[in-house]
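Written out below as structure tokens is the structure these notes cover.
Nothing in this text is a laboratory measurement; each read-out follows from the coordinates by a stated rule. This structure is a prediction, so every number in the text was calculated from the model and none was measured. Heads up, the Cβs are rebuilt from the backbone with ideal geometry, glycines too, and the neighbour counts pull from every protein chain shown.
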Amino acid sequence: MSPGSVSRGYAICFLLTALLLLFCLPGAVAAATVTGKVNSSEGGMPNVVVTDGYQCVLTDSDGTFSLVPHQNARFIYISTPAGYLPAEEKMVPRFYIPIDTTRLAYDFFLNKNPVDDNRQLLLVTADPQFHKEENFKRYATVVDDMYQLKMAYSDRDILGIECGDLVGDKPELYPPYIEQLSRAGIPYYRMPGNHDLQFGGRSTETSTARYEQNFGPDHYSFNRGAVHYVVLNNVFYVGRDYFYMGYIDEKTFTWLEQDLSHVPTGSTLILSMHIPGRLDETAKPFQYNSREISAQTTNIASLFRMLKPYKVHLFTGHMHYNRNIIHSDNLYEHNTGAVSGAWWQGDYCLDGTPVGYGVYEIDGSEVTWYFKSVGKDRDHQMRVYAPNTTGRYGNDVVANIWNWDKNWRVEWFEDGVPMGEMTRFEGLDPEVEKAYSNKEKLEFSWIGPELTDHLFRATPRKPDSKITITAADPFGRVYQETISR
């Protein structure tokens, strides 16, 4: 046999081996071009972003597209353009199609939004974390509250974002959860949390399978009005049950770079993920322990650099308390209190935030917000404790203002006389401390109050004076509570 024949033989053998390996990879699909079209009632839609979760392409002038999916891609999906809505099933947006090697085309049909989506109402919830059927009885009051709020904003486009931990390691509860929330008539976009993972697989790539079966891709984007929405999965399963960390992988970063390349600099971005980006305004020395790696995103600095050209609101959950962090002039993180409170054990999150959700009024690119407590009107923004009623804080009057950030102004008056600003401090909410102190009445004995820094205190001069507290939010809305003793 000639040397050339041997070389050709080796080349053919190498090619056949490579093809065999490709088709034997878990989740691998043929590296064949897929095609499709994005349509609406007006015909084919040009310049719509289409992705397999790894790469992004644009539709042609007639709405058609083609791409070669990554071997591990599981969906073909679109970034819905402003002014249009994807298909829905029980208010779950269906902007994606699972990859099937027998499928000939991936076609999408978008409906024209009947409402001007430049004026939006966005509801942000986190951590419903259902662990048994009985939880849905209390959740029904949350859904009723959302529906009532929706009816008060009938002139706005409305949508919701749920920041993960949809169930508490109980995937069989996804269907009743979807059914219950659909009663509000609000399309909800979601992402997986650490309690939505499928444990037992050999890598983090296998951990989102049961989430994807119900809700589709774990990272995606869409557009409403002047706002570009991005949803990321930052829960990285490290190979043992309940072991995870906050981390964004390279696949997601690469996809996000391509997605943002189609978004003009200076745009308003709303980005959502489950685990907080960072829990403090300034980065602190990193300590490698389970608390540090599971309560924040370890490589968040890389994401923050990517987001610098935009005006960003970052929505996170996970912590079961409410905390607002202003990372920079154009990057605001809203860590939203759990809609389950303390895992459906009481009326409060661990910091004293009532069971509720964030409400965001969006006009063009401008965003204002407040926290809506279930069963209360929108002016319920603080809880006040009179002197000598808490035990812990003695003669001081104490206020818990759960949606506080550094742009609020909190003042107090004694018998009508202005006494200046109250002192902010870190402590425990007395009501939460009382509610979760009897461990025998709790389903989970590890539940307890968390230190919070959105408490305020002042010491009255007289024991029988009338105390009034006013709190002004960043938008000039003033909330007031008075205690007469």
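Arranged from fewest to most other beta-carbon atoms within 10 Å of their beta carbon, THR423, THR33, THR470, THR125 become THR33, THR423, THR470, THR125.
Its alpha carbons considered, segment 383-484 gives a radius of gyration followed by a Dmax of 14.8, 47 Å. Projecting label points 7 angstrom from Cα along Cα→Cβ for SER445 and ALA283 puts them 4.1 nm apart. Here each label is just a point 7 Å from Cα along the line to Cβ, and for LYS466 and ASN111 those points are 5.4 nm apart.
Normalised by 2.2 N^0.38 Å, where N is the number of residues, the alpha-carbon radius of gyration of segment 88-141 equals 1.74. Computed from the alpha carbon atoms alone, the convex hull of segment 174-249 holds 100 Å³ per residue.
If each of THR141 and VAL417 carries a label point 7 Å out from its Cα toward its Cβ, how far apart are those two points in nm? Each label point is offset 7 Å from its Cα along the Cβ direction, giving 4.2 nm. Normalised by 2.2 N^0.38 Å, where N is the number of residues, the C-alpha radius of gyration of the chain stands at 1.09. The alpha carbon gyration tensor of segment 56-188 gives principal lengths a ≥ b ≥ c with a/c of 1.5 or higher and a/b no greater than b/c, which makes the shape oblate.
Expressed to the nearest 5 percent, the antiparallel share of DSSP beta bridges inside the chain is 70 percent. Straight-line cross-link reach from LYS441 at under 30 Å between alpha-carbon atoms covers these lysines, not counting any fewer than eight positions away in the same chain: LYS132, LYS137, LYS170, LYS372, LYS376. Label reach from SER267 (point 7 Å along Cα→C-beta): in segment 183-200, no amide nitrogen lies under 16 Å. Can you classify segment 200-320 as rounded, prolate or oblate using the Cα gyration tensor, where a ≥ b ≥ c are the square roots of its eigenvalues, rounded means a/c under 1.5, and otherwise it's prolate if a/b beats b/c and oblate if not? Judged from the Cα gyration tensor, segment 200-320 comes out oblate (a/c at least 1.5, b/c at or above a/b). Taking R0 as 35 Å, what's the FRET efficiency between TYR54 and ASP155 from their Cβ-Cβ distance, rounded to 0.05? So, using R0 = 35 Å, E works out to roughly 0.30. Excluding same-chain neighbours fewer than eight residues apart, the aspartates and glutamates reachable from LYS112 by a Cα-Cα span under 15 Å are GLU42, GLU88, ASP157.
Computed from the C-beta positions of ARG485 and LYS406, the FRET efficiency with R₀ = 30 Å rounds to 0.45.
Both radii were evaluated on the Cα set of segment 115-373; the Rg over Rh quotient, with Rh as the Kirkwood radius, amounts to 0.94. Computed 3J(HN,Hα) for segment 178-184, one whole-Hz value per residue from the Karplus formula 6.51 cos²θ - 1.76 cosθ + 1.60 where θ = phi - 60°, is 4, 4, 5, 5, 4, 4, 6, glycine and proline marked x.
Sorting the segments 176-185, 81-90, 348-357 by their residues' average number of neighbouring beta-carbon atoms within 10 angstrom, most packed first, yields 348-357, 176-185, 81-90.
Full extension of the segment from ASP377 to ASN47, taken as 0.36 nm per residue of separation minus the current Cα-Cα distance, would add 114.5 nm. Here the calculated FRET efficiency for THR35 and SER203, from their Cβ-Cβ distance with R0 = 30 Å, stands at 0.45, rounded to the nearest 0.05. Counting only DSSP beta bridges whose two residues both lie in segment 115-373, roughly 50 percent are antiparallel.
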